[in-house]
Amino acid sequence: MMFVVCCSYVGTNICTSQSKRSIYLMIGDRLKSERERLGITQPVLAAQAGTKKGTVINWEKGASSPTAVQLEALAVLGVDVLYVVTGEKSPLAMNSDEQELVSLFRAAPLAVKAAAIGALKSAGGQQKNVQKVKKGVGQQFNAGVGTVTSGDITNSGKVK
């Protein structure tokens, strides 16, 4: 990772226009890759940042860069601001699908959370204690949190 420090002393600026341009280019490239990763258009990014599409084009070309306030607004869309500024991926950055999944998971009752965890573990190749699917059952998910079954399930026992 490359850092360029720009300092101003009374009337003297140590930072050259070339080093600013290099920083702007790196920020612009990373911002564009984040926008593309999230499937966001330049007009949508501009609207979220409170600016115009032409400004976003200039950011991506390295002619200028977004302010801290604009980057904060872009974080709401899922832009990994740490990555845009430093080049280091944030472990907390999520795309829209992941954000939706976390939001739904947090709002779900415990039984649904257990089923979701079971389904994800089964689909992820962690198949411990896998049972054969019972006749007439459409889907069956197994995991350490329990077994969730769906399909044609009948109870032939007497109801009291």
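The values are calculated or read from the model by the stated rules, or taken from the named source; none is laboratory data. Keep in mind that this is a model prediction, so the values were computed, not measured. Methodologically, a virtual Cβ is constructed for each residue, glycine included, from the backbone with ideal geometry; neighbour enumeration extends over all protein chains shown.
Among the residues of region 45-63, just one is aliphatic (A, V, I, L, M) and at pLDDT below 95, namely A63.
Check whether at least one residue in region 91-104 is in a helix (DSSP H, G or I) and either under 19 Å from S22 (Cβ atoms) or in contact (Cβ under 8 Å) with a residue 40 or more places away in the chain (or both), and report yes or no. Within region 91-104, one or more residues are in a helix (DSSP H, G or I) and either under 19 Å from S22 (Cβ atoms) or in contact (Cβ under 8 Å) with a residue 40 or more places away in the chain (or both).
Selection of helices (runs of 4 or more DSSP H) fully inside region 38-82 by the criterion of at least 2 residues being over 20 Å from the mean Cα position of the chain (by Cα), among the β-branched types (V, I, T) and surrounded by 18 or more Cβ atoms within 10 Å (Cβ to Cβ) returns 53-61.
Of all residues in region 118-126, one or more are at positive phi, surrounded by fewer than 13 Cβ atoms within 10 Å (Cβ to Cβ) and either part of a loop (DSSP other than H, G, I, E, B) or in contact with a Lys or Arg (Cβ under 8 Å, 6 or more places away or on another chain) (or both).
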